[in-house]
Amino acid sequence: MKNQYDIIVVGAGPSGSMAARFAAEKGVSVLMLEKDRDVGYPVRCGEAVSEAGITEFIEIDKRWISTEINNFSFIAPDKSEVILPLPDRGYILERKIFDYALAESAAKAGAEIQTRAYVYDLIFDGNNVSGVKVEIGGEQKEIKAKIVIAADGVESRVGRWGGLKTYTDFREMESGVQVTASNIPVNQNTIYFYFGEKVAPEGYLWVFPKGNNLANIGLGVSGMIGKKKSALVYLNEFMEEHYPDAPILTRVAGGIPCTVTLDRIVTDGLMLVGDAARQINPLSGGGIASGMIGGSIAGKVAGEAIKKNDLSYIYQYEKDWNNRLGKRHKTFDNIKNGIFHFSDDKFNSIAKSILKVPIEKRTLGNIFKIALFNNPSLLLDVAKVFFQK
Amino acid sequence: MIEILPDKCDFCGCCVGVCPEDAIELKEANIKIIEELCTNCNKCVWSCPIEVLKFNRNGVKVENK
């Protein structure tokens with residue numbers, strides 16, 4: 001490891017690895033720092049992605065696929081179940097191995113990687129971020145960089161040190177908790193979503209099969225709900241009711257910032273990507289694919305800025321991100337705010353209406369029509385999703 | 001005073017993500033509240049998925065490991 005790089009990436013999750021890789025591919029020097037001992041561990045994620053979301057970056061490899069998903073099941077508060085064929089194939093990942101593969105691809109492109117490296121502050125040259133202060137194996141040191149890319153997750157502090165407002169309003173932070181349990185006899189090619197006041201108010205509960213009746217079962221509720229009753233209590237109640245004897249192999253907690261991207265994700269010498277930038281699909285809470293897209297754009301732009309010898313070029317990243325996904329996430333956020341305040345009666349009546357449609361005719365379009373019929377004010381937001389470029 | 005129960009903590013960072021004051025430090029499996037910055041706003045307590053943070057009216061603070 002040197003004392004100076006063109007670009008330092010803080011955090012080696014999917015968005016950090018993509019930032020490091022796309023920057024390194026421009027032929028500049030890149031160091032990626034990971035605070036934990038292992039890349040990819042601990043996993044704090046439901047692990048679901050659509051095929052289209054990842055094949056832009058990596059070829060599908062059985063080593064990190066748990067299951068292939070073709071159906072989506074929606075369970076209303078009155079327990080009526082609606083099954084829909086997915087428009088695109090999906091996967092439940094083995095994130096530990098997936099994250100490793102992504103970091104490997106960054107390494108292959110020429111990035112250096114250092115684990116157990118805790119970044120505790122930034123260094124500045126005037127107002128410009130010009131490197132990081134990092135603790136590696138108990139030793140503190142300063143490493144200089146022309147550009148720092150913060151991919152330090154939901155708990156990001158790097159952006160704050162650089163003067164960006166990065167915290168998320170507690171009402172928009174979904175408090176998540178998930179178990180990986182065995183003996184969960186569900187269809188292994190179907191992902192299940194439970195909605196309603198009792199199960200996960202202002203959020204949803206998921207059951208994602210991982211093969212051989214192993215499943216990730218988790219939920220997110222907003223901080224407003226957590227004020228009265230924690231995510232953990234909701235999950236325990238669900239497990240008690242549905243799978244009281246299922247052995248639990250893992251339990252993880254996590255915050256899911258279900259909100260729009262931060263207003264500013266670039267400042268002089270610093271760029272934010274992934275969860276740190278709140279680049280999450282606010283409707284689904286999914287952040288793997290969108291974080292990888294954010295990371296790749298940031299990496300490319302940062303690499304080009306170095307090549308051009310024009311560091312002000314990094315502001316282009318903000319524009320490119322907003323055009324690719326940022327604006328769309330704003331619309332998704334509006335739809336989320338509509339759905340999260342649906343009453344149990346509304347969920348039940350939507351389920352009932354959909355069940356009248358034969359399964360082969362249950363396209364996403366038809367479902368939307370039914371949901372909109374039940375809540376016309378969402379129409380405007382949905383129209384925006386389909387008609388914007 | 002906000003109190004962390006470190007033995008229960010999963011070090012997920014949800015609390016750090018909602019703290020408006022940058023008053024929580026998380027380092028691998030180590031977490032602490034930076035008391036000079038904490039305003040006792042309670043947002044971390046409400047957001048903690050697994051009830052690790054508590055608002056303690058008696059001002060008793062459990063020492064972090």
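Which lysines have a Cα lying under 16 Å from the Cα of A:LYS210, excluding residues fewer than 8 positions away in the same chain?
The reachable lysines, counting only those whose Cα sits under 16 Å from A:LYS210, are A:LYS62, A:LYS96.
Expected output is a single nm value to one decimal: the length gained when fully extending between A:ASN127 and A:LEU249, i.e. 0.36 nm times separation in residues minus the C-alpha distance. What is it? Can you show the working numbers first?
Working: separation 122, 0.36 × 122 = 43.92 nm, distance 4.76 nm.
Between A:ASN127 and A:LEU249, full extension yields 39.2 nm more.
How would you rank A:LEU31, A:LEU325, going from fewest to most other Cβ atoms within 10 Å of each one's own Cβ? Intermediate values should be presented prior to the final figure.
Values: A:LEU31 24, A:LEU325 19.
Ordered from fewest to most neighbouring Cβ atoms within 10 Å, A:LEU31, A:LEU325 come out as A:LEU325, A:LEU31.
Rounded to the nearest Å, what's the spacing between the alpha carbon centres of segment A:82-137 and segment B:1-59? Just the number, please.
The two parts, judged by their Cα centres, are 25 Å apart.
Anyone know which of A:ALA109, A:ALA145, A:ALA246 comes out most mobile in the 10 Å Cα GNM of chain A?
Looking only at A:ALA109, A:ALA145, A:ALA246, the biggest GNM fluctuation is shown by A:ALA246.
Going by amide H atoms built from the backbone, whose H comes under 5 Å of the H on A:LYS210, apart from near neighbours?
Here A:ALA215, A:ASN216 satisfy the definition.
Listing A:THR261, A:THR180, A:THR168 from the residue with the fewest other Cβ atoms within 10 Å to the one with the most, what is the order? Working shown, then result.
Values: A:THR261 24, A:THR180 20, A:THR168 28.
With the sparsest Cβ surroundings first, the list reads A:THR180, A:THR261, A:THR168.
Out of residues 5 or more away from A:LEU86 or on other chains, whose amide H comes under 5 Å of its own, with H placed 1.01 Å from N in the peptide plane?
Amide H neighbours of A:LEU86: A:ASN71, A:PHE72.
Report the calculated FRET efficiency for A:GLN140 and A:LYS327 (r = Cβ-Cβ distance, R0 = 51 Å), to the nearest 0.05. Walk me through the numbers before you get to the answer.
Numbers: r = 41 Å, r/R0 = 0.81.
My answer for the efficiency is 0.80.
Let me see the pair-distance distribution of the protein assembly as shown: every alpha carbon pair, 20 Å bin width, integer percents in order.
Once binned at 20 Å, the Cα pair distances of the protein assembly as shown give 25, 58, 17, 0.
Neighbour counts of other C-beta atoms within 10 Å: give me A:VAL82, B:VAL45 arranged from fewest to most. Walk me through the intermediate numbers first.
Working: A:VAL82 21, B:VAL45 24.
Least to most surrounded, the residues fall as A:VAL82, B:VAL45.
Which percent, to the nearest 5, of DSSP beta bridges fully inside the protein assembly as shown are antiparallel?
Numbers: 61 of 82 bridges.
So the antiparallel bridges amount to about 75 percent of the total.
Could you identify which residue out of A:PRO282, A:PRO209, A:PRO185 has the top mean-square fluctuation in a GNM of chain A using Cα springs shorter than 10 Å?
Taking springs between Cα atoms under 10 Å, the residue moving most is A:PRO185.
Can you work out the FRET efficiency for the pair A:ASN3 and A:ALA52, with r the C-beta to C-beta distance and R0 = 45 Å, to the nearest 0.05? Intermediate results must be reported in sequence, preceding the final value.
Details: r = 41 Å, r/R0 = 0.92.
Calculated value: 0.65.
Can you list the aspartates and glutamates whose alpha carbon sits under 16 Å from that of A:LYS352, skipping same-chain ones fewer than 8 residues off?
By straight Cα distance, A:LYS352 reaches A:ASP78, A:GLU81, A:ASP344.
For a 21 Å ceiling on Cα separation, which of these pairs sit above it: A:LYS327/A:LYS361; A:LYS330/A:LYS361; A:LYS228/B:LYS43? List each step's numbers first, then the result.
Details: A:LYS327/A:LYS361 31 Å; A:LYS330/A:LYS361 30 Å; A:LYS228/B:LYS43 12 Å.
The pairs that break the limit, which is 21 Å between Cα atoms, are A:LYS327/A:LYS361; A:LYS330/A:LYS361.
Every number here is computed from the coordinates shown, using simple stated rules; none is lab data. Keep in mind it's a predicted model, so treat the numbers as computed, not measured. Heads up, the Cβs are rebuilt from the backbone with ideal geometry, glycines too, and the neighbour counts pull from every protein chain shown.
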